[in-house]
Amino acid sequence: MVVAVVDVTGQRAMMTDRGANSKLRLEHVLDILEGPFDHLHVSGYTLLDPLTADVGRGALARANELGCSTSVDVCSVAPLIATTPAVFMEVARGASMLFANEEEAVALSGGWTWMTRSIGCHANSSKSLSHEANTVLELAATASITT
């Protein structure tokens, strides 16, 4: 279960209860993905939990094989920092979109200066960063990273 709270500026916070997620198996998800769908969204918590990481990665891979768009929502800042942004970006590899609020985007990037220096990004006038992998980080009231 997820309870999402969004304020008037677009910042969001989520309260989660993982419930029976640890029982989720890739076979169950792959069976569902055999039906028609256009987009698959995966929670970052699923990708960072050792009990469900293979399920999330397998679902993303299958959706990509089928030509469907995919997205991953960054879980929250605490687990992101605990696992490191590099680990998160690796487990989210293959997603066509990555959703992050401003705090999460800053944590993922290590900050504007670090990101431009470390991954060879360039800034343009709209405050977007991009590099050869078509990753874009928009620094706005609500930030989003799109791959």
**Prompt:** Just from the alpha-carbon atoms, what are the Rg and Dmax of region 26-117 in angstroms?
**Reply:** 13.8, 44
**Prompt:** What is the packing order of peptides 28-41, 95-108, 54-67, 78-91, taking the mean over residues of other C-beta atoms within 10 Å and listing the highest first?
**Reply:** 95-108, 54-67, 78-91, 28-41
**Prompt:** Leu40's amide H: which non-local residues (gap 5+, or another chain) put their own amide H closer than 5 Å, with H modeled 1.01 Å from N in plane and none for Pro or chain starts?
**Reply:** Ser69, Thr70, Ser71
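Every number in this text was worked out from the coordinates using simple rules, so none of it is lab data. Just so we're clear, the structure is a prediction, and the values are computed from it rather than from any experiment. Heads up, the Cβs are rebuilt from the backbone with ideal geometry, glycines too, and the neighbour counts pull from every protein chain shown.
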